[in-house]
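See below for the structure under consideration.
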């Protein structure tokens, strides 16, 4: 097994480090999350325990106006104990496609609908301890309707020029990773990255 990093020009490494599940135990099951402890077989034949969170998956939305300003939210996040500036996002309901989650969350949280949708990328934000997968969408052709927050949801919305939002990342005002990634995508799109608006559904 190689110990030194391989140069990218030589092709991608293809060693198989797959860990195979031997047994699994549900440690905790809540309304949204499940914590499991698995016993796995390692590539060298030994066994180990893996603790991780099972997540239903989520969608994050980059609402982009024609003047390259973005729609952000500000809300309190209890686990960290502080307010955050974020893009609209939400977890999948049972059997719900990612795009439908994105449309639902945009309307519920902000009151906006979008005429044009495109999928930007897939994120695995916490691979060390969770199977969470997030699909990122860009929403354009925005029109305001009426928002419908959940009973336990409290947030405010604001429209911020893209350059200002990027500056907020640099200065530490925006630290939430999904929001950072989507805003960097917006900056690259403005610089000419191609966008396939037909690619709206998750793979």
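Throughout, read-outs are computed from the coordinates displayed, never taken from laboratory work. Just so we're clear, the structure is a prediction, and the values are computed from it rather than from any experiment. Note: ideal-geometry Cβ built from the backbone for every residue, glycine included; neighbour counts use all protein chains shown.
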Worksheet item: Separation of segment 54-69 and segment 110-163 by C-alpha centroid, Å?
Response: 3
Item to complete: Measure nothing but the geometry: give the 0 to 90° angle between the long axis through the Cα atoms of 177-190 and the longest principal axis through the Cα atoms of the chain, rounded to 10°.
Response: 60
Item to complete: Please report 12, 158, 166, 183 as a ranked list, fewest other C-beta atoms within 10 angstrom at the top and most at the bottom.
Response: 12, 158, 166, 183
Worksheet item: Mind checking the angle between helix 98-110 and the chain's longest principal axis? C-alpha axes, 0 to 90 degrees, to the nearest 10.
Response: 40
Discussion item. On the principal axes of its Cα set, how long, how wide and how thick is segment 1-155? Give whole Å, largest value first.
Written reply: 58, 44, 32
Worksheet item: Any idea what the relative contact order of segment 58-190 is, in percent, if you count C-alpha pairs under 8 Å spaced at least 6 apart?
Response: 32
Practice prompt. Please list the radius of gyration and Dmax for segment 15-54, considering alpha-carbon atoms only, with Å as the unit.
Written response: 11.8, 38
Worksheet item: How do 54, 80 line up, fewest other C-beta atoms within 10 Å first?
Response: 80, 54
Fill in: Convex hull volume per residue for segment 39-103, taking Cα atoms only, in Å³
179
Response to the item:
When 144, 65 are ranked with the fewest other C-beta atoms within 10 Å first, the list becomes 144, 65
